[in-house]
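The structure under discussion appears below in the form of structure tokens.
The values are calculated or read from the model by the stated rules, or taken from the named source; none is laboratory data. Treat the numbers as computed from the prediction; the structure is a model and nothing was measured. For neighbour counting, all protein chains shown are included, and Cβ atoms are generated from backbone atoms with ideal geometry for every residue, glycine included. The accessibility values were calculated without ligands, DNA or RNA, using every heavy atom of the protein model including side chains. Shrake-Rupley method; radii C 1.70, N 1.55, O 1.52, S 1.80 Å.
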Amino acid sequence: MAGSALRRLMAEYKQLTLNPPEGIIAGPVNEENFFEWEALITGPEGTCFEGGVFPAKLVFPPDYPLSPPKMQFTCEMFHPNIYSDGRVCISILHAPGDDPMGYESSAERWSPVQSVEKILLSVVSMLAEPNDESGANVDAAKMWRENRDEFNKIAQRIVRRTLGIPN
Amino acid sequence: MRSIGISLLSFMLTTVVIANAYYQKKQFYPSVVYITKSNPSMAVIYIQAFVVILMFGKLMNRIFFGQLRTAEFEHLMERAWYAVTETCLAFTVFRDDFNPKFVALFTLLLFLKSFHWLAEDRVDYMERSPVISLLFHLRVLSLLTVLGALDMYFVQHAYLSTITKGASVQLVFGFEYAILATMVVNVAIKYALHTVDLNSEMPWENKAVFLLYTELIMGFIKVILYVLFVIIMVRIYTLPLFAFRPMYYTIRNFKKAFNDVILSRRAIHNMNTLYPDATAEELQNADNVCIICREEMVTASKKLPCNHIFHTACLRSWFQRQQTCPTCRLNILQTNIPTAAPRREERPRVPPQPPNPFAAPNLFANPNLFGRNDNANPFAGMNPFQQILNPNEQNQNAANQAPGQAPGPSAPTGGDQNNAQSGSTSNTQTTPNNTIPPMFPPFPPFPFMPFMIPPPLPPEHLRRLTEDELKRLEGQERENVEARIQCLRNIQIMLDTAILMMQQYSAAASFSTITSQVPPPDRSSAASAEAASRETNAPDTNSASDPGDAAPTTSSNANDPQFSATSSADPENNNVEMSTSASPEGPPEDEVRKRRLQHFQRQLEQQQ
């Protein structure tokens, strides 16, 4: 019998393949290693990220699901909750105990009940509604708050870039 | 591409150097001497040696690992960087015997170290990949054998060299290879565990525990090795700075392993003691999937206080990190242990005569406590007290549990004593029927530190009560409160009776010398009532019931050996004094008891 982390990841992969949530595709990069996944997230409709397809990489720890995976966008992103190198900063990805921004209640942290699907759905809603109180990207947070037009412009440029359309 | 170019260049340079030497000297030995004397030639030769080693490494890598995965390569580079830095630091310690052979040995060490790291990564990978081929097993096994053999050889070599030639740089190598050997053992054990797990049909739940203990033991051995190494190095050479970083990490890992083992043990303990196994019915009612591993729960599963059900093994590994319910984040330690654990854990520490009798009345004011403490009986508090009072009457204790019920022929003796105990309290307080706790400021322990003083033991005589009575006592809220109030009323009636009789008795006693039982020792004034109840036999034995002060009684009894303690007491406060008088209790005579009983029954009837 394979390790419990592997079995759970395989179960999640199966579930995601059979019933994919709308606008989300995810799966292991290579079926020999289930601990590195690739995900494609479409920008939620009615937001400045609408129409974009954003690739991201998920890396699972050996003790998944006891510890949360790490998620990083592999395309350029400009968003208050995404670091400039693409790492995603949302509370569901933080194990209770560590609190990088000092504002999250433990109720919204990682627990084994969470899953890849829930993470990706949270990320979609994060794209739609940035939390400008936790500035992973302070410039983006500032712009989101004070100069929404400019923010939307940058977001639209990123969307076009992910689709391969020249500016 | 670049590495191939460098290799080719180095080969060409070597060829040129050798050809040049041979062209000049024409013979083998002179050419060798020429090359070794010429610095540029030697540099070329060294570079060539380095290239050859790298190529050999690649070859070995291909044989034992095949293509390295990206993560493995990154990991290797990261660790190699530190290792190289530390090797340079080590050079500074041994700068006196710095020579090519020395450098070669260190290079070899680095080389072997990197293979150890790769082996470790590879075996960890076993848990992650669904495809483990036969080639994989073959490679890992042969690699571990080769590495283990090499480590042992080098350790032995270092040992012999140190023994014969004294301490030298071989000391460092000896320790380094010894640590690498422990690493090989660790990896081998992990490999064995993973293999067993892979080949078993069912998930092997204890694997994590075995891994934990392996980690702990190996960490301990490594820590000992490092500490020994540092001590020896300090004594012979100087502080081995290059060993500090790995030593720090080893100690940290050991500490972590130690903590993990403790947490895991605690989790297992909690699991086994606090949470019930989920029944088949409960499993069916839930959707039967463990939310942690997303698999069906056919094997052992546990139910948490919040009614969420998980696999035992999954819960254990989660509780090792956090003591919350994965689903609802209920802190299971805070919700469960205060009611369950202290009772169990502190039981042995209960002192022989701890219960403040007033703790029991206080319990009544807080019936919710009983709702949580299934076993706790409202009269539990009295029970130990009574056991102290009259150990011979254990079999009659049943009456304690339900003083309200019609006293049977044998029961009321115990009962009336208890009632009398509370009676004195109610007597002094004038409103005995209402809430009692606030009236006892000097005896606050129970409400103020509810869990410091363990709740009294549930009486073992509980089963003497009928099913019905038990239900009434334990039943939900209103019913049980009513039942208890009823009990209390009955108690009060009996207490009043007892007080009345006591007055009669003391009056009678003031005129006659009676040898009566002395109240048992207890610091609380409630015991005075006990004494009173014992002395209720007075009206029977001595029909004379002259009203009078009780004080003369005490003083008249002062010469009695059983009242010797009382004699020192202040006669003006005889009720209190009698309670404080500490003298060993003598069991009352059976006859006396019976008569007292009858008398008491009569009194009770009159009251009602």
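The table that follows gives values for the structure above.
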| item | result |
| --- | --- |
| All positions within segment B:195-209 that are more than 8 Å from chain A (Cβ to nearest Cβ), in a helix (DSSP H, G or I) and crowded, with 16+ Cβ neighbours inside 10 Å | B:Thr195, B:Lys207, B:Ala208, B:Val209 |
| Selection from segment B:59-87 of residues that are among the hydrophobic types (A, V, I, L, M, F, W, C), at pLDDT 85 or above and in a helix (DSSP H, G or I) | B:Leu59, B:Met60, B:Ile63, B:Phe64, B:Phe73, B:Leu76, B:Met77, B:Ala80, B:Trp81, B:Ala83, B:Val84 |
| Positions within segment A:54-77 being open to solvent by less than 20 Å² (accessible area, probe 1.4 Å) and either among the β-branched types (Val, Ile, Thr) or free of Cβ contacts under 8 Å to residues at least 40 places away in the same chain (or both), in sequence order | A:Phe73 |
| Filter result for B:Ile224 (loosely packed, with under 14 Cβ neighbours inside 10 Å and modelled with pLDDT of 90 or more) | yes |
| Residue check, B:Ile292 in a loop (DSSP other than H, G, I, E, B), closer than 20 Å to B:Asn206 by Cβ, in contact (Cβ under 8 Å) with a residue 12 or more places away in the chain and among the β-branched types (Val, Ile, Thr) | yes |
| Count - residues of segment B:15-51 that are within 30 Å of B:Lys113 (Cα to Cα) and open to solvent by 70 Å² or more (accessible area, probe 1.4 Å) | 3 |
| In segment B:117-145, residue farthest from the other protein chains (Cβ to nearest Cβ) [restricted to those that are free of Cβ contacts under 8 Å to residues at least 40 places away in the same chain and outside any helix (DSSP H, G or I)] | B:Ser133 |
| Some residue of segment A:121-138 being surrounded by fewer than 20 Cβ atoms within 10 Å (Cβ to Cβ), in a helix (DSSP H, G or I) and in contact with a helix residue (DSSP H, G or I) (Cβ under 8 Å, 6 or more places away or on another chain) | yes |
| Verdict on B:Phe56 being surrounded by 12 or more Cβ atoms within 10 Å (Cβ to Cβ) and of a type in the set (Phe, Trp, Tyr) | no |
| One residue from B:Asp287, B:Asp260 being over 30 Å from B:Tyr177 (Cα atoms) and of a type in the set (D, E, K, R) | B:Asp287 |
| Residues (buried (at least 22 other Cβ atoms within 10 Å of the Cβ) and under 16 Å from B:Gly219 (Cα atoms)) located in segment B:166-176 | B:Glu176 |
| Matching residues in segment A:78-87 - criterion: being under 16 Å from A:Glu38 (Cα atoms) and open to solvent by less than 60 Å² (accessible area, probe 1.4 Å) | A:Gly86 |
| Sole exception among (1) buried (at least 17 other Cβ atoms within 10 Å of the Cβ); (2) among the aliphatic types (A, V, I, L, M); (3) in contact (Cβ under 8 Å) with a residue 24 or more places away in the chain for B:Met152, by number | (1) |
| Filtered residues of segment B:255-272 (kept if open to solvent by 40 Å² or more (accessible area, probe 1.4 Å) and modelled with pLDDT of 90 or more) | B:Lys255, B:Lys256, B:Phe258 |
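Residue-by-condition table, conditions (1) open to solvent by less than 70 Å² (accessible area, probe 1.4 Å); (2) touching a Leu at 6+ places or on another chain (Cβ under 6 Å); (3) on the phi > 0 side of the Ramachandran plot; (4) of a type outside the set (Val, Ile, Thr):
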site: B:Tyr248; (1), (2), (3), (4): no, no, no, yes
site: B:Asn253; (1), (2), (3), (4): no, no, no, yes
site: B:Ala278; (1), (2), (3), (4): yes, no, no, yes
site: B:Lys303; (1), (2), (3), (4): yes, no, no, yes
site: B:Gln320; (1), (2), (3), (4): yes, yes, no, yes
site: B:Gln323; (1), (2), (3), (4): yes, yes, no, yes
site: B:Cys328; (1), (2), (3), (4): yes, no, no, yes
